[in-house]
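Q: Take a look at the following structure, please.
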């Protein structure tokens with residue numbers, strides 16, 4: 001009677017241990033509840049109401065019938081400047097998001113011919129499907145980093161959506177602005193909560 005070699009016994013023992021580990025993993029996986037997918041956010045609609053803004057505690061309210069189309073402002077974050085731009089446009093029927101976002105990128109290229117695209121991704125803006133773009137350019141000899149987020153958003157009481165894009169530009173070499181893009185994303189996430 002021949003006895004298996006030591007290598008065959010070691011191999012058989014290792015295979016038995018691996019099989020036992022696989023069975024234990026399957027038992028643990030079966031006992032863990034499957035997480036439910038997060039529901040898609042409800043799109044928030046633009047409203048045809050009087051526009052305004054709050055500045056240092058003062059509320060500047062425009063008369064009914066006036067609405068912002070372009071806003072460009074310089075914010076101060078931790079003592080450093082951040083340029084913020086918001087644009088709202090009527091769109092022709094059935095213009096796709098991709099086409100409108102490409103037009104927004106083209107408008108950026110016209111302002112900054114040396115614009116370098118870093119990352120393009122899908123996201124949400126006020127609960128609507130959106131596109132986001134990170135980009136670099138130079139303002140003179142100074143580097144700038146920007147983020148553009150654009151979406152087709154519904155308008156309350158209207159069948160046609162409107163184009164809404166929001167962008168920010170910072171000097172990426174300033175340490176005080178190192179967390180600004182995360183703040184910007186949180187600010188945009190808050191649009192759907194209002």
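The values are calculated or read from the model by the stated rules, or taken from the named source; none is laboratory data. Just so it is clear, the model here is predicted, and its values are computed rather than measured. Note that we place each Cβ from the backbone using ideal geometry, even for glycine, and neighbour counts take in every protein chain shown.
Q: Between a first residue in region 45-60 that is without any contact (Cβ under 8 Å) to a residue 24 or more places away in the chain and a second residue that is not in a strand (DSSP E or B), which pairs have beta carbons less than 6 Å apart while being 6 or more apart in sequence or on different chains?
A: 50/62; 50/64; 51/62; 51/67; 51/68; 52/62
Q: Kindly indicate whether any position in region 159-171 is under 21 Å from residue 46 (Cβ atoms), exposed (fewer than 13 other Cβ atoms within 10 Å of the Cβ) and over 22 Å from the mean Cα position of the chain (by Cα).
A: Within region 159-171, the first condition is being under 21 Å from residue 46 (Cβ atoms), and the residues that meet it are 159-168.
Applying the additional criterion that residues be exposed (fewer than 13 other Cβ atoms within 10 Å of the Cβ) yields 159.
From what is left, the residues that are over 22 Å from the mean Cα position of the chain (by Cα) are 159.
So far as region 159-171 goes, yes, one or more of its residues are under 21 Å from residue 46 (Cβ atoms), exposed (fewer than 13 other Cβ atoms within 10 Å of the Cβ) and over 22 Å from the mean Cα position of the chain (by Cα).
Q: Within region 108-157, which residues are without any contact (Cβ under 8 Å) to a residue 40 or more places away in the chain, surrounded by 12 or more Cβ atoms within 10 Å (Cβ to Cβ) and outside any strand (DSSP E or B)?
A: 109, 112, 115
Q: Among the listed residues 189, 165, identify the single one that is within 17 Å of residue 106 (Cβ to Cβ) and not in a loop (DSSP other than H, G, I, E, B). Quick ask: steps written out before the conclusion?
A: On the way: 189 fails: within 17 Å of residue 106 (Cβ to Cβ).
The match here is 165.
Q: Anything in region 61-79 that is in contact (Cβ under 8 Å) with a residue 24 or more places away in the chain and over 17 Å from residue 167 (Cα atoms)? List them, or say none.
A: Those that are in contact (Cβ under 8 Å) with a residue 24 or more places away in the chain and over 17 Å from residue 167 (Cα atoms): 78, 79.
Q: Keeping to region 69-107, report how many residues are modelled with pLDDT under 90 and in a loop (DSSP other than H, G, I, E, B).
A: Residues in region 69-107 being modelled with pLDDT under 90 and in a loop (DSSP other than H, G, I, E, B): 8 in total.
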